[in-house]
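Enquirer: Submitted below is the structure of interest, expressed as structure tokens.
FYI, it's all coordinate maths here, none of it is from the lab. What you see is a predicted model; the values in this text were computed from it and never measured. With ideal geometry, Cβ positions are generated from the backbone for all residues, glycine too; neighbour counts draw on all protein chains shown.
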Amino acid sequence: MVADSRSAMMVTKETMTGVTLLKVDGILDSTTYLPLRDEIIKAALAEPAAVIVDVTELAVPTQSAWAVFTSARWHVGTWPETPIALICSGQEGRDAVARNGVTRYVPIYPTIADAVLAISQRDAQLGRRRARGNLTADLGSLARSRRLVEGWLSAWALDELIPVAKVIVTTLVENVLQHTDTAPNIRLEADGATVTIAVEDGSHRLAELPEGTDGRHRPSGLSIVAALSRVWGNAPTSSGKTVWAVLGPENRL
């Protein structure tokens, strides 16, 4: 349960069958906009099947503040791409959300059952697959990460991306072992068009490309990741960070 003392807002978190439900009660205004956005992002970064926000009891005096939900969706749109949906039992509330353009990016439903059904049907249509592996803080994790990625992609009939994926995961795991004293965890997600590789560690220091590369030095690991992937980035977490990279057909080696 999260409360903002500056104005009357409370966010209650529940978990059900892999879905995170956030019930928001109170006023959405300039003092609660960012805390609510960050709470949604934090829930999405934990990679539930979906984050569903119940706004039935939410008062929004300034209608433009509804954009908090599109802002949260934008922050997790590339990774982890956790679906975000709203529910509101009242037609007036649903109309207000739609009127402000939110439903172009974040759908709204009358009940949680409607939201879960729609999200599950969307995932089925996309053919979304996810896998996770916990590694140890030693060099043996380099080979293990490659074996896991190869096995998952082979099982998903995505063999053409195995070579580049093995390079990416090796580089990301190696960075964790070199620059932190924590054990890396890897996640793989495929949606039929792209594959996302994510490696989580316990350091809050974000990964950055080195500055001033003049070509005379050996490329850094992140330079290789940037060159071989469609896009890459950092996602701060409560326990550290996750570095992720998205691969598309154009990244095949």
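Enquirer: Which percentage, to the nearest 5, of the DSSP beta bridges contained in the chain is antiparallel?
Expert: Around 75 percent antiparallel, to the nearest 5.
Enquirer: Using Cα pairs under 8 angstrom and six or more residues apart, how large is the relative contact order of the chain, in percent?
Expert: Here the relative contact order equals 13 percent.
Enquirer: In addition: To check you understand DSSP bridge types, tell me what percent of the beta bridges within the stretch 2-125 (both residues inside) are antiparallel, rounded to 5.
Expert: 45
Enquirer: Quick check: residue separation of Ala193 and Val231 times 0.36 nm, minus the Cα distance between them. What number comes out in nm?
Expert: Here the answer is 12.3 nm.
Enquirer: Rounded to the nearest 500 deg cm²/dmol, what is the calculated helix-only ellipticity per residue at 222 nm for the chain, with -39500 (n - 2.57) per DSSP H run of length n ≥ 4?
Expert: Estimated from H runs of four or more residues: -11000 deg cm²/dmol.
Enquirer: Local charge sum around Thr103 (other residues, Cβ-Cβ under 12 Å, Lys/Arg +1, Asp/Glu -1)?
Expert: Around Thr103, the surrounding residues sum to +3.
Enquirer: On a full-extension model of 0.36 nm per residue, what is the gain between Arg99 and Lys13, subtracting their alpha-carbon distance, rounded to one decimal in nm?
Expert: Residue separation times 0.36 nm, minus the Cα-Cα distance, leaves 28.3 nm.
Enquirer: Between Rg and the Kirkwood Rh of the stretch 2-125, both from Cα atoms, what is the Rg to Rh ratio?
Expert: We get a ratio of 0.93 for the stretch 2-125.
Enquirer: Could you tell me the calculated FRET efficiency between His179 and Arg130, based on Cβ-Cβ distance and R0 = 25 angstrom, to the nearest 0.05?
Expert: 0.45
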